[in-house]
Each structure stands twice: as C-alpha cells, then as structure tokens.
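Read the structure below first, then the notes.
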Amino acid sequence: MSSSPAVEIHDLVKRYGPATAVDGLTLTITAGAITSVLGPNGAGKTTAVECCEGLRIPDAGTVRVLGLDPRRDGGRLRPRIGVMLQEGAGLYPGARPVELIAHLAQLHAHPLDPDVLADRLDLHETGRTPIRRLSGGQRQRVALAAALVGRPELVFLDEPTAGVDPHMRRSIWALLEELRADGVTIVLTTHLIDEAERLSDQVAIVDDGRLVAAGSPTELTAGQDSTVQFTGPPRMDLTGLRTALPSDARVEETAPGRYRVTATVDPQLLATITSWCATYDVMPDGLTVGRGSLEDVFIDVTGRKPVTS
Ligand SMILES: Nc1ncnc2c1ncn2[C@@H]1O[C@H](COP(=O)(O)OP(=O)(O)OP(=O)(O)O)[C@@H](O)[C@H]1O
Ligand SMILES: [Mg+2]
C-alpha cells in the first residue's frame, strides 16, 4: 500500500449559480483502502466526486488525484482511474452490455478478463438488449463493469449498489474486497449505512458541502453512547431507575415490556440496572449491551439542522 494519499481535496468549493453545492470540503483518501462517502441527499457528494474525476471545474480549492490535477492532467489521469456515475449515467444507450465491456477492455493495456467480469456481474443475462432498455439495477451493473474493466488504480463509484438486489449487492461487495486486496483504491458514495459499515476502511460523512465526520467505522462509533436492553413486565414505573442512574442516561420503554437504557455503559451502570430489577423481583430477560451504530453517528452529525419551511 502506497503511503501517499490517493486523493487530496482541500477547501473545495463548487457553486451552481447562487447555490453552493460544495462549501469548503477538505478530505484525504487513503491509497489501497475502501472509503465510503456518506451524506444526505443534496449534500454535495456527487459534485465533489465529479470534481475529482475532472468532470466539474471547482470554483475554489484544490483537488489532487494520484498526485495529479484532474483538469490539467486529465489525459494522464484518465487511463489510471475508473468512473461509475450516479444511476449508471454516461453509458452508450445503444450498446449491448457484454459487447461494450469487451470493447472497453480492448482500450486498456492490462484489462480484467471481460468475460469473467460479465459473469461476476451477471451481465450475460442481458443478452442482446441495448443499454437504454435495461432495468435500473442491470444498468448499474454494466456501469460498474465499465468502471472496473480497465483494471484502474483508483475507482470512483457513485452509489454502485443503488437499486441492486441483495444477492448481487453481496457479489459486488465481494468483488470490491478482491480489488482492494489487489491494491486498488475504491471511493464510493452510498446511502446504505450497512454497506459503508461492512465494506469500508474509512468513512467520510458530508453534509451541506462540508466534511462533518471522518474515520474508520470503529473510530466513528467509539464516541457513541451504548445501550442496554432487556425485557420485563410492561409499564414498570421507571422513576426509581432514572434517579439511580447518571443524569445523562436515557431510560425508555420502547415497546410494551421492552426497556432500553442509553448511556455510557460500565459495570456499575449494569449493576444499578440489575439491582433495580432485583428490588422489583424482575428478571431482566435477554439483557444485552450494544454500541451505537454508524447510523446513530450519521443521524447525530447530520440531523441537527433547524427545520425551515
Ligand atoms: N448541474 C447542476 N445544476 C444545478 N444544481 C445542481 C447541479 N448538480 C447538483 N446540483 C445541486 O447541488 C447540490 C448537491 O448535489 P449533489 O448531486 O452533489 O448531491 P449528492 O450528495 O450527490 O446527493 P444524492 O445523495 O441525492 O445523490 C444539490 O442541491 C443539487 O440540487
Ligand atoms: Mg449523488
């Protein structure tokens, strides 16, 4: 794995007329890793990625991809990167999937075997259907194959598994993990938190065109409060438990007889909960301790916007 970053974005700004889509984004992407860019709709993910691909001209800031400027050095950069646009855009609508992938393979010096790739992504099932008549999920798979077939050092995949069925999603994850093992740097945007959590070494959360959190899934969830859940009789009076627990602990009955305590969990907190249960002769069935998920982090860092009408 190379030690220099694959992508360096510094203070990137991109406006569309009066609207600022990317607003001072600074982000470094590690080489040889999978990085997921998460963010709400309209956060500026696609715009930022398209600046890296040389498809959009930044209004301010700098972008370096494999040490090159995507606009000035586009000719040198393009053969080294793979690009999958959102919703599989940019494919020749009249082309047939397997033929297109075979053709793209011929344009590269050391392509992946197009037949093997077509098999992995189930492209043979599309037969002679032209791309414009494919289903959304089929088009996504063609776009992914097109991005990968040239054996790029770095790929940008904009929502690669959107609209793809769960079996194929797993196959795509396995394929991306194999590419990472071969040293490929993968940058993907996604709305699927489980995808980001499962697949990525690094996660960058973008909101309103800025970076709001970054780190490995474990680092990002480390600061989250944990939860203790258990089952007991419905509608227990929780006042005593609330008094006994630290003041920042949250105690809720999430469904009749299902209780959840959200807090910094330590042995003392568990002892307080179980001894409170013992006082009422309640067996805390199915007591489990869990940590806050990446979804909780996402909601936390992107959900505090004031509501405007
Ligand atoms: N070509 C364009 N012209 C004008 N505004 C645009 C254009 N492309 C994007 N925008 C606006 O810029 C903002 C960021 O859009 P962008 O597509 O980068 O977001 P995103 O994070 O990729 O969202 P999504 O998760 O929905 O794909 C949005 O408010 C969008 O409406
Ligand atoms: Mg997008």
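The values are calculated or read from the model by the stated rules, or taken from the named source; none is laboratory data. This one's a predicted model, so the numbers in the text were calculated from it and none came from an experiment. Methodologically, a virtual Cβ is constructed for each residue, glycine included, from the backbone with ideal geometry; neighbour enumeration extends over all protein chains shown. Each accessible area value is taken on the protein alone, full model and side chains, heavy atoms only, with ligands, DNA and RNA left out. Shrake-Rupley method; radii C 1.70, N 1.55, O 1.52, S 1.80 Å.
Quick notes on this one:
- The phi-based Karplus calculation (6.51 cos²θ - 1.76 cosθ + 1.60; θ = phi - 60°) puts the 3J(HN,Hα) values of region 207-224 at 9, 6, x, 10, 7, 10, 6, 8, x, 6, x, 5, 4, 5, 8, 4, x, 6 Hz, whole numbers, x for Gly and Pro.
- Each Lys or Arg adds one and each Asp or Glu takes one away; over the other residues whose Cβ falls under 9 Å from the Cβ of PHE230, this sums to +1.
- Here the sum of -39500 (n - 2.57) over DSSP H runs of 4 or more residues, divided by the residues of the chain, equals -9000 deg cm²/dmol at 222 nm, to the nearest 500.
- Rounded Å value of the spacing that divides the Cα centres of region 239-291 and region 189-223: 30
- Element breakdown for the chain at a 1.4 angstrom probe: carbon and sulfur atoms account for 50% of the accessible area.
- Table column - 3J(HN,Hα) (Hz), region 6-14, Karplus curve with 6.51, -1.76, 1.60, x for Gly and Pro: 6, 9, 10, 10, 10, 6, 5, 10, 9
- Dipole orientation for the chain: of the candidates THR243, THR254, GLN202, GLN202 has the Cα lying most toward the positive pole (charges on Cβ; Lys, Arg +1; Asp, Glu -1).
- Put simply, the amide H of ALA60, placed in the peptide plane, has neighbours under 5 Å in VAL13, leaving out anything fewer than 5 places away on its chain.
- Interchain or long-range residues, amide H under 5 Å from VAL83's placed H: PHE156
- Put a dot 7 Å past the Cα of ARG291, heading toward its Cβ, do the same for ASN41, and the two dots end up 3.2 nm apart.
- Of the DSSP H helices in the chain, those whose Cα atoms cover at least 20 Å axially and whose Kyte score averages -0.5 or more: 166-181
- Cα centroid of region 171-185 to Cα centroid of region 22-67, whole Å: 21
- Top positive-direction residue, dipole computed over the chain with Cβ charges, set PRO114, GLY24, PRO130: PRO130
- Viscosity 1.306 mPa s, temperature 10 °C, Stokes-Einstein D of the chain from Kirkwood C-alpha radius, µm²/s: 73
- Built amide H within the under 5 Å cut-off of LEU211, gap 5+: THR26
- Derived scalar couplings ³J(HN,Hα) [region 233-245; Karplus, 6.51 cos²θ - 1.76 cosθ + 1.60; whole Hz; x for Gly, Pro]: x, x, 6, 5, 6, 8, 4, x, 5, 4, 5, 6, 8
- ARG15, ARG133, reordered so the largest accessible area comes first (probe 1.4 Å): ARG133, ARG15
- Rough spin-label spacing in nm, given labels placed 7 Å along Cα→Cβ, for SER275 and SER226: 1.9
- Peptides 238-249, 261-272 ranked from most to least packed by the mean count of surrounding Cβ atoms within 10 Å: 261-272, 238-249.
- Peptides 194-203, 220-229 ranked from most to least packed by the mean count of surrounding Cβ atoms within 10 Å: 194-203, 220-229.
- Segment ASP122-GLN106, extension gain: residue separation times 0.36 nm, minus the distance between their alpha carbons: 3.7 nm
- Sequence-distant contacts, meaning Cα pairs under 8 Å at least 6 residues apart, place the relative contact order of the chain at 19 percent.
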